[in-house]
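As structure tokens, the structure follows; a few thoughts come after it.
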Amino acid sequence: MTVLYRAYDGLGQLLYIGITEDLRNRFYFHRSKSRWHPLMARRKVRKYATRKRAEAVEIRAIRMLRPKMNARYNEGYCQVNAPLSDEEMVAFLDNLFRGAEIVDDK
């Protein structure tokens, strides 16, 4: 079984669309290698019976929705190397420190 996943930032903007047979390992990779992962506030996942079907949906979705961190199938729209906007930086920092304990450093 193959899943298609969509990653969104804290503002609800679509960051990335991908497919995988192993969601846990794929997100482990994204956590360590993908620039968009720290911006992710939520994700949606849909299962497909075959990889071929998931790939067809992935390509169509990327071309229609233009997620800003997809390079493949997204020529001219990908912003992987663009600097973060102020809103994206706030979302990045919020996600980075989510769950961190606040301490007084006096």
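No lab work stands behind these numbers, since they all come straight from the coordinates. From a predicted model like this one, the values you see are computed outputs, not experimental measurements. Cβ atoms come from the backbone with ideal geometry, glycine included; neighbour counts cover every protein chain shown.
Observations
- The percentage of C-alpha pairs in the range 2-96 whose separation is greater than 17 Å is 49%.
- In the range 2-96, Cα pairs under 8 Å separated by at least six residues give a relative contact order of 32 percent.
- Spin-label proximity, E87 to the range 1-30 - amide N less than 12 Å from point 7 Å beyond Cα toward beta carbon: 9-14
- Amide H to amide H, with H built 1.01 Å from N, A41 comes under 5 Å of Y8, D9, G10, counting only residues 5 or more places away or on other chains.
- Peptides 62-73, 6-17, ordered by how many other C-beta atoms sit within 10 Å of their residues on average, highest first, read 6-17, 62-73.
- Backbone geometry of the range 59-71 corresponds, through the Karplus equation with coefficients 6.51, -1.76 and 1.60 at θ = phi - 60°, to 3J(HN,Hα) couplings of 4, 4, 5, 4, 5, 8, 8, 6, x, 6, 10, 7, 8 Hz, x marking Gly and Pro.
- Distance between the 7 Å Cα→Cβ label points at Y77 and K52: 2.6 nm.
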